[in-house]
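The numbers here are math on the coordinates, done by the rules we state, and not lab data. Computed from a predicted structure; not experimentally measured. Here the Cβ is made from the backbone with ideal geometry for all residues, glycine too, and neighbour counts use every protein chain on show.
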Amino acid sequence: MKPFDIDVLNHVKVELFSLEGNFVIVPHINPDGDAVGSALGLARILKNWGKKATVVSPSGYAEFLKWMVGNEDVLVYPDNKKRSEAAIQSAEMLICIDFNHISRAGGLKKFVENFRGTSVLIDHHPHPEAFAQFVVSHPECSSTAELVYQFAKEIGLKEFVDTAAAEALFCGIMTDTGSFDYNVSDPQTFQTVSELLELGIDQDKIHSLVYDNYSADRMRLMGYCLSECMEVYPEYHAAVMYLSKEVQDRFNFVTGDSESFVNLPLSIKGIHFSTLFTEKGDHVKASFRSKGEFAVNEFARKNFSGGGHRNAAGGELFASFKEALDKYRSLLPEYQEELIRTKTN
Ligand code: 5GP
Ligand code: MN
């Protein structure tokens, strides 16, 4: 990880130390393991320090992330509008976690934009929008959770990272690296994990809580999708999976059930670009993954109003499910040369 910007760090430190508390932490909409882990990890560190910290999430999240300490205190905005608004309005500092485009704040966008106190952004996605006063942006970092840990250490809060905070932060690093499969070329990531282990976390237990906690319906859905809803294009080194509303209903789909499906086609020999389309009410959600040089964040930005990291990105299309798939199929020839040039095996 690159060194912190000392100027930004010092400013944030002064604010954090001088304010009483009442910090609000906002992760991105549909928060994943890194967003929830970073938010709850940071909230716990601040609370251990004696500050008041509340996590307000723009939406609910998967069951397999609900074991973290502090989960029961999270305000899920659509379910607690009044309390969420009151928490943000009375906050002295707003900390946006694991996103860098204001649209990712979902229904909380207007509160983030109009926030009058100190605002801080802690994130690891490329191309940050400067919607916060202080931006701690490290796209080279494995996860926001690793960044939160290093940040806390750097400003002198290491003693407040207890086992519960370490568990949440470990969850963030583990999920954002696909269990230490990608984004782990920086030795510091393993040093961070090593320090979290020193704090007494049980990494086997955390892995199991996240990855061995699925319903039978979810496993059947995965099998069905692999068998019936996947197209493989060896000539483009690409594969696409799609999850229609009808299939979701058939397998009693709940949030989180399709987590990591998009990675599955990358296990096929010769495939290094994978896509998952999920039919939502009025739009189609797209997830993209790649191995190697093929930049899915660029693909998402140009074609699906999205973004993300080079090897993991997402976007959306306000069109029918069929139109999204047709669009994808028609784009492949355009990217053929690049897909061949960037092939990994
Ligand atoms: P996922 O496929 O897991 O939903 O998202 C993977 C990554 O893509 C996220 O970490 C996030 O950086 C990015 N991402 C997902 N959806 C969107 C989106 O709609 N807009 C933008 N800008 N980024 C997204
Ligand atoms: Mn992340």
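Using only Cα atoms, find the angle between the long axis of helix 163-176 and the longest principal axis of the chain, and express it within 0 to 90 degrees, rounded to the nearest 10.
Long axis of 163-176 versus the principal axis of the chain: about 30 degrees.
Quick one: of the DSSP bridges fully inside the stretch 216-344, what percent are antiparallel, nearest 5?
For the stretch 216-344, the DSSP antiparallel bridge percentage is about 75.
Tell me which of 183, 130, 107 sits at the most positive position along the dipole axis of the stretch 6-211, charges placed on C-beta atoms (Lys, Arg +1; Asp, Glu -1).
107
Under 29 Å Cα to Cα from residue 110, which lysines show up? Leave out anything in the same chain fewer than 8 places away.
Reachable lysines: 13, 47, 51, 52, 66, 81, 82, 280, 285, 302.
Enumerate the amide H contacts of residue 121 below 5 Å, restricted to partners 5 or more residues apart or on another chain; note that Pro and chain-start residues carry no placed amide H.
Amide H to amide H, under 5 Å and 5 or more residues apart or across chains, residue 121 pairs with 96, 134, 135, 136.
Can you give the Rg and Dmax of the stretch 139-212 based on its C-alpha atoms, in angstrom?
11.5, 36
Of the trypsin sites (Lys or Arg not before Pro) in the stretch 91-152, which ones lie in a loop per DSSP and count no more than 13 other C-beta atoms within 10 Å?
Qualifying residues, ordered by number: 116.
Residue by residue through the stretch 8-21, what is 3J(HN,Hα) from phi via Karplus (6.51 cos²θ - 1.76 cosθ + 1.60, θ = phi - 60°)? Round to whole Hz and write x for glycine and proline.
Once rounded to whole Hz, the list reads 4, 4, 5, 4, 5, 4, 4, 4, 4, 6, 7, 7, 5, x.
Please quote Rg/Rh for the chain to two decimal places, taking the Kirkwood radius as Rh and restricting both calculations to Cα atoms.
Rg/Rh for the chain comes to 0.96.
Which of the listed residues, 340, 303, 320, is farthest toward the dipole's positive end in the stretch 216-344, when Lys, Arg count +1 and Asp, Glu count -1 at the beta-carbon?
340
For the stretch 58-96 and the stretch 171-204, compute the distance between their C-alpha centroids and round to whole Å.
25
List, in order, the whole-Hz ³J(HN,Hα) value for each residue of the stretch 144-149 obtained from phi through the Karplus relation with A = 6.51, B = -1.76, C = 1.60 and θ = phi - 60°; use x for Gly and Pro.
5, 4, 5, 4, 4, 4
How large is the dipole of the stretch 216-344 about the Cα centre if only Lys and Arg carry +1 and Asp and Glu carry -1, each at its Cβ, rounded to the nearest 20 debye?
300
Rounded to the nearest 20 debye, what is the charge dipole size of the stretch 179-277 about its Cα centre when +1 sits on each Lys and Arg Cβ and -1 on each Asp and Glu Cβ?
The dipole of the stretch 179-277 has a size of about 300 debye.
Restricting attention to the alpha-carbon atoms of the stretch 216-344, what are Rg (one decimal) and Dmax (integer), both in Å?
Just the Cα atoms of the stretch 216-344 yield Rg and Dmax of 13.8, 41 Å.
Give me the distance between the Cα centres of the stretch 9-51 and the stretch 224-288, rounded to whole Å.
34
Can you tell me which of 211-220, 256-265, 187-196 comes out highest on packing, and rank the rest after it, using the mean Cβ neighbours within 10 Å?
256-265, 187-196, 211-220
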